[in-house]
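Here, each number is a calculation from the coordinates, and none is a lab measurement. Treat the numbers as computed from the prediction; the structure is a model and nothing was measured. Here the Cβ is made from the backbone with ideal geometry for all residues, glycine too, and neighbour counts use every protein chain on show.
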Amino acid sequence: MTAMTAASGENRRRAGTKRRRLGGVRPDAAGPVFVAPFLALFLLLFLAPLGYAAYLSLFQHRLIGGTTFVGLKNYATAVTDPLFIRGVLRVATFFVIQVPVMLVLALLFALALDSGLMRLARVIRLGIFVPYAVPSVVAALMWGYLYNPSFGPFTQLSKVLHLPVPHFLRDSWMLGSLANVVTWEFVGYNMIVLYAALRTIPQELYEAAAVDGAGAWRIIWSIKLPALRPALLLTLLFSVIGSFQLFNEPYLLQRLVPDVIDSAYTANLYAYSLAFTGQRINYAATVSFLLGLIIVIVSYTVLLTANRRRVS
């Protein structure tokens, strides 16, 4: 009994010491205390602005009468706004064209690096990833110079070779030109994500496949690609968000071809123009909320489709 009492006293002493080390906070309360700073910043910097934007979207500023409550009238206007619809359809087309090309290139580079047969693999990996480290503003300006039909290097080379001058910035080529810029920027990032996923595959699977006589292509199809499904889904979700939020590239190239890229070329650019050029803050908040809703719907559709295929 004396030993048990002594042990109990020792445990209480250790618990008291632990509470003192935590600054008087009980061990079961330590988690919420550590999470509290993040929650405070999350509420202050994310939820509060989001709530304020939702509040603004329910009002309308008029020359006569000032700011008045209109409820969901702004949303009813936005869903029939041809400029907003055109911008959403354009970025949807951009997503369908650009994302498959980008992810296929990233997958090929990741598989090539993981094969171990490529010479100077570290240098090549760094070279592919470097464009992601370039700010999107700098990338857009650089490609704007390359695309320029007046003094760009493609134009100069075409003149030297007596070939037709390529007009990368004309209306029929613009979406493809933007897709090329974004692909150049983000192939390296997606490649690193996929390559990291490949490096987590147990070596025993490769050894078992080799014993069974599987070749390189069979290993890729039966081992590597199935293991890459979660990583591919992650990159696809990031691409959905990035595509529908397309802004920097068209905004900067607009200075070169204002007759091709207007203020509503993309939905994000349209919301920006409404807020900072047209001073229609309330309607800009409405357009932004609808764009966010579209992103959520598309992302959820991608997740639902992927989960159904995995179950089947």
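Structural descriptor for the chain: relative contact order 25 percent, calculated from alpha carbon pairs under 8 angstrom and at least 6 residues apart.
When each of 142, 174 is scored by the number of other beta-carbon atoms lying within 10 Å, the sequence from fewest to most is 142, 174. Largest GNM mean-square fluctuation across 31, 66, 127, computed for the chain with C-alpha springs under 10 Å, falls on 31.
Taking amide hydrogens as placed 1.01 Å from N in the peptide plane, the amide H of residue 266 sits under 5 Å from that of no residue at least 5 positions away in sequence or on another chain.
Most tightly packed first, judged by the mean number of other beta-carbon atoms within 10 Å of their residues, the peptides 115-126, 97-108 read 97-108, 115-126. Counting only DSSP H runs of at least 4 residues, each contributing -39500 (n - 2.57), and dividing by the residue count of the chain, the helix-based mean residue ellipticity at 222 nm comes to -23000 deg cm²/dmol. May I ask you to list the residues of the stretch 80-122 whose amide nitrogen lies under 15 Å from a point 7 Å from Cα along the Cα→beta-carbon direction of residue 210? Taking a point 7 Å out along Cα→Cβ of residue 210, the residues of the stretch 80-122 whose backbone N falls under 15 Å are 115-117.
With +1 on each Lys and Arg Cβ and -1 on each Asp and Glu Cβ, how big is the dipole of the chain about its Cα centre, in debye rounded to the nearest 20?
It comes to approximately 1100 debye.
One Cα centroid belongs to the stretch 94-170, the other to the stretch 218-257; the line between them spans 15 Å.
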